[in-house]
Amino acid sequence: MSAPPKLRVLIAEDEVLVSIFLTDVIEDAGYEVVGVARTADEAVALAGMHRPDIALIDGNLKGGSSGIEAAEAIARDHRTAIIFISGDSFLADAPAVKALDPVAVVEKPCMPDELVAVLAQAAERRARAA
């Protein structure tokens, strides 16, 4: 019997060191990172190419592009579980974020264990939706 396929994760994060940290934690937890986007447009394009199971999205991306708008497009066009990660503590209260019903809004900086737990919640949500 073969192992189940790894869940695919898209990262949308414009800070290089943060994206490296996220990639390491996600891959160490057994997930596959299918791409790292720096802008909202890149995130939407990568989601179209890779159809991720989970998208980990910063609320504010490079060049002032909106991670929220990227998440709206990705959630609308794909069955992707959305996790927001942001240094903005007010992001969780934004009406547009609440409307997306994300798995979680994680504040930066976050601990690896916290991120792994949220990824597990996203995986459970995906399994229930299947």
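Name, by its number, the condition in (1) at pLDDT 95 or above; (2) within 16 Å of Glu13 (Cβ to Cβ) that does not hold for Lys108.
(1)
Report yes if Val33 is in contact with a Pro (Cβ under 8 Å, 6 or more places away or on another chain), within 24 Å of Met111 (Cβ to Cβ) and either surrounded by 15 or more Cβ atoms within 10 Å (Cβ to Cβ) or touching a residue at least 24 places away in the same chain (Cβ under 8 Å) (or both), otherwise no.
Against the criterion (in contact with a Pro (Cβ under 8 Å, 6 or more places away or on another chain), within 24 Å of Met111 (Cβ to Cβ) and either surrounded by 15 or more Cβ atoms within 10 Å (Cβ to Cβ) or touching a residue at least 24 places away in the same chain (Cβ under 8 Å) (or both)), Val33 does not qualify.
Being touching a residue at least 40 places away in the same chain (Cβ under 8 Å), more than 22 Å from Glu114 (Cβ to Cβ), of a type outside the set (Asp, Glu) and not in a loop (DSSP other than H, G, I, E, B) is true for just one of Ile26, Ile74, Ile57. Which residue is that?
Among Ile26, Ile74, Ile57, only Ile74 is touching a residue at least 40 places away in the same chain (Cβ under 8 Å), more than 22 Å from Glu114 (Cβ to Cβ), of a type outside the set (Asp, Glu) and not in a loop (DSSP other than H, G, I, E, B).
Of the conditions (1) closer than 15 Å to Glu13 by Cβ; (2) within 12 Å of the chain's Cα centre (by Cα), Asp41 fails just one. Which one is it?
Asp41 satisfies every listed condition except (2).
Has region 91-98 got any residue that is among the small types (Gly, Ala, Ser) and surrounded by fewer than 16 Cβ atoms within 10 Å (Cβ to Cβ)?
Checking region 91-98: at least one residue is among the small types (Gly, Ala, Ser) and surrounded by fewer than 16 Cβ atoms within 10 Å (Cβ to Cβ).
The values are calculated or read from the model by the stated rules, or taken from the named source; none is laboratory data. Quantities reported herein were computed from a predicted structural model and do not represent experimental measurements. Note that we place each Cβ from the backbone using ideal geometry, even for glycine, and neighbour counts take in every protein chain shown.
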